[in-house]
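One structure is given below, encoded as structure tokens.
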Amino acid sequence: MILESALLDVVPGQEDAFLAAFAEAKPLIAIQSGFRSLALRRCLDEGRGARFLLQVEWEALEDHTEGFRCSAEYQRWRELLHRFYRPFPEVEHYGEPVLRA
């Protein structure tokens, strides 16, 4: 399992529009080969209400980097969501946990 993680800084005042666009975009990623789950969390810290944490579980790294990102659905995902980010997020990928509590 691979965990994709991205901090999404949404243009302040556009949070509701972003969430509506994300709801429309979610099925585009959910149908991808290797997709396991998705979680979008809003930051609770004061002054950070326009920051979201996106975490997506994939079966393999290539399911995201080669599968989804090279798909027609990703082009629509970009059209729906990328206009909301300032700055554009850095996406990182993580492997299995090395420690659990």
Unit charges at the beta carbon, dipole of the stretch 2-89: most positive-side option, Pro89, Ala50, Ile31: Ala50
Hey, can you grab everything whose amide H is under 5 Å from the amide H of Ala60? Only 5+ residues off in sequence or another chain; H modelled, so Pro and N-termini drop out. Ile2
Calculate the length of the line joining the C-alpha centroid of the stretch 1-39 to that of the stretch 63-98, in whole Å. 8
So for the stretch 1-54, averaging the separation of alpha carbon pairs under 8 Å that are six or more residues apart and normalising by length, what relative contact order in percent results? 50
Long-range Cα-Cα pairs in the stretch 59-100 (distance over 11 Å), rounded percent: 73
At q = 0.17 Å⁻¹, work out log10 I(q)/I(0) for the chain with the Debye formula, treating every Cα as an identical point scatterer and leaving solvent out; two decimals please. -0.79
Ascending count of other beta-carbon atoms within 10 Å, so fewest first, for Asp45, Asp9, Asp63: Asp45, Asp9, Asp63
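Are there GluC sites (Glu not before Pro) in the stretch 6-76 that DSSP marks as loop and that have at most 15 other Cβ atoms within 10 Å, and which are they?
Taking the stretch 6-76 and a limit of 15 other Cβ atoms within 10 Å, the loop GluC sites (Glu not before Pro) found are Glu46, Glu59.
Laboratory data are not the source of any read-out in this text; all were calculated from the coordinates shown. Treat the numbers as computed from the prediction; the structure is a model and nothing was measured. With ideal geometry, Cβ positions are generated from the backbone for all residues, glycine too; neighbour counts draw on all protein chains shown.
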